[in-house]
1. With the stretch A:456-572 as the region, which strands (runs of 3 or more DSSP E) entirely inside it contain at least 2 residues that are near RNA strand B (Cβ under 9 Å from one of its atoms)?
2. Condition (residue is more than 22 Å from A:Arg187 (Cα to Cα), crowded, with 24+ Cβ neighbours inside 10 Å and β-branched (Val, Ile, Thr)) applied to the stretch A:452-463: is it met by at least one residue?
3. Mind checking which residues of the stretch A:204-240 are surrounded by 19 or more Cβ atoms within 10 Å (Cβ to Cβ), assigned to a strand (DSSP E or B) and either charged (D, E, K, R) or out of contact with any His (no Cβ under 8 Å at 6 or more places or on another chain) (or both)?
4. Give me the pairs: first residue in the stretch A:149-162 and at pLDDT 95 or above, second residue part of a loop (DSSP other than H, G, I, E, B) and more than 10 Å from RNA strand B (Cβ to nearest atom), beta-carbon distance under 7 Å, and six or more apart or on different chains, which are they?
5. Taking the stretch A:87-128 as the region of interest, how many residues are without any contact (Cβ under 8 Å) to a residue 40 or more places away in the chain and either within 32 Å of the chain's Cα centre (by Cα) or assigned to a loop (DSSP other than H, G, I, E, B) (or both)?
6. Pairs needed: first member in the stretch A:57-71, under 23 Å from A:Gly189 (Cα atoms); second member anywhere, of a type in the set (Gly, Ala, Ser) and in a helix (DSSP H, G or I); C-beta distance under 6 Å; at least 6 residues apart or different chains.
7. Of the conditions (1) buried (at least 19 other Cβ atoms within 10 Å of the Cβ); (2) under 16 Å from A:Asp159 (Cβ atoms), A:Met117 satisfies every one except a single condition; which number is it?
8. Quick check, is A:Gly65 under 21 Å from A:Lys419 (Cα atoms), out of contact with any Asp or Glu (no Cβ under 9 Å at 6 or more places or on another chain) and assigned by TED's automatic domain parsing to the domain that holds A:Asp186?
Amino acid sequence: MRYSRALIPTVKEAPSDAVTASHILLTRAGYVRRIGAGIYSFLPIGFRVLKKIEQIITGEMDRAGAQQVLLPALLPADYFKESGRWDSFGDTMMRLKDRKGGDYHLGPTHEEIICDMARREIKSYRDLPKNLYQVQTKYRDEARPRAGLLRCREFTMKDAYSFDLNDAGALESYETMRAAYTRIFDRTGLTYRMVNADSGAMGGSQSAEFQVLTQSGEDQIVACEKCDYAANVEVASVRAGEPPTLPSDIPARKQVSTPKKKTIEDVSKFLDKEPASFLKSLVVRADGELVMAVVRGDHELSETKLARVLGVSEIGLAEPGAVVKTTGAKLGFSGPVGFSGKVVIDSAVLGIADGVCGANVTDAHLVHVQAERDFEATSADIRNVTEGDVCPECGGQLKLYRGIEAGHIFVLGTHYSDKMGATYLDKEQVKRSMVMGCYGIGVSRLVAATVEQHHDDNGILWPMSIAPYQVHIAQLGEEPQVVEAVAKLEQDLEDAGIEVLIDDRKERPGVKFKDADLIGIPLRVTVGARSLKTGQVELKPRAEPNPKNAELIQLSDAPQLIVERVQKLLKS
RNA sequence: CGGGGCGUAGCGCAGUUUGGUAGCGCGCACGGUUCGGGUCCGUGAGGUCGGAAGUUCAAAUCUUCUCGCCCCGACCA
């Protein structure tokens, strides 16, 4: 492709509403344009990247025995009413009415529709298992679209759905998909982790997320340095230590005055005690009931874990007024001693021998406090894992990362097939529900996630496997020998199946180099009169920051050398 | 949905406090100049100041309403 004929509108300044690196760079480099909140157009090179990712995915899905289908985006309400999600999906669903006033919506995901296909077409155990997938535009009226392509209202998603005879079969399908996903993510050239996900809402079935590791992801995850254990911070389990034996010679608890010292930090300085000896006491509202949760001063409460311990569905910090009313003290002075309601403490609190906590009296704290001796509570794992915690699998050290959820696989069980009547007859003529699995990849989100992970100050650095073009030729000048050399190189490379972008614009070299860096094609070839004097052209990987380190190669060797280099980058 | 902020030329912004003929940079067009990391000089085109109503001799500027967008949070099968 000749740049002069292509539409690649690079700009020096991105719109001010772009904040994240991927949004800024994809806009500046001419990949995407914003149409509305969470709605984007893909320009030619943006679409090429999207297609490349899609091809990797479809290739691996087909290889894993799945078959592609095309489902409607516009859906009559009936199907989601059958599953109950017409109501439960809430405002996140884009709803509309047709001219007759009938209820419709745009598909946010397609379990119901694929389930309908299965129940119509699959009748016998002989027909199973099956795996059907789609790569399509989906719609969610997000409460807050954000970060450019990372959280959109319209987005491209690959969803695969498996149908099996029984749980064992579903698990097998799940494993097949897990392997396929690993190959897909390996091929995209991303640094990622497969993490155990919160399987709370759907019941405790098998589930994993594929998280792309970046500086700025929405999710916090921990990963073990030694083994491949990784999990979301809110659900990662803390390894239970030995039950501590606390010294029995700690003096009786005593109230001390701590005027206006509300935070752990303030009180810690004031009393000269480590935050780790504090009992951080938080009043939460769990399905309406006020409960006190206590974690060690240097730890953080996990609302997800606490909700599970309490067996409630809704949980959040209690409103300030309720805290004052129930504890009898201002915010910052609550504590478990004498608290009227239920108290849940994190297991680590049991290890605090000589603790400090709020006295439930404004401007006062208690010292020499011990759980169990001074107050009654149930103990459980209710805190977030932190950096340096022990890996629950192997005992190694855990490290904190930020991640962008790019893939999610899980076993659904018979939740949808029961509701939708997706059944088959087994050998004994018994009607059984198909056991389903669901496997998603955010294709358009992956475009942005890749840029989040692969960029520098000057622009994008695409992995070879998903770059819009594999080689960028910067043609410097219009001299006949330059034009001729470029044309020859173009021909040879394209004959070898290489995708080439040739910057033949009448622009100064500086402009071409800046744009090349911004666009981020992995290999750049510079053809100019200067090096051509000795029959040479320059070859520089985008990842090499110093232009002086460009490699001078003979024009005659160039095609072969470049093909080799492209192939090498495809493998790594 | 709670909190904060922003809507002025294609993009980035100034002008709003204190009402008085709408400006700068980039980009774009034309002429010249330059030519290996966003050349330099000149000329020019381009704006219902998000929208509606009001106050006023006069509104980008003041008042009321409204729409849109961004950020933090809540939410995210």
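1. Correct list: A:471-476, A:523-528, A:536-541.
2. No, the conditions are met nowhere in the stretch A:452-463.
3. The answer is A:Glu209, A:Gln211, A:Val212, A:Leu213, A:Thr214, A:Ile221, A:Val222, A:Ala223, A:Cys224, A:Ala230, A:Ala231, A:Asn232.
4. Short answer, once both residue conditions are applied: A:Ala160/A:Ala66; A:Ser162/A:Pro129.
5. 16
6. Listed by first residue and then by second, the contacts come to A:Glu60/A:Ala180; A:Ala64/A:Ala180.
7. The failed condition is (1).
8. No.
The values are calculated or read from the model by the stated rules, or taken from the named source; none is laboratory data. None of these values were measured; they are calculated from a predicted model. No Cβ is skipped: glycine too gets one built from the backbone with ideal geometry, and neighbour counts run over all protein chains shown.
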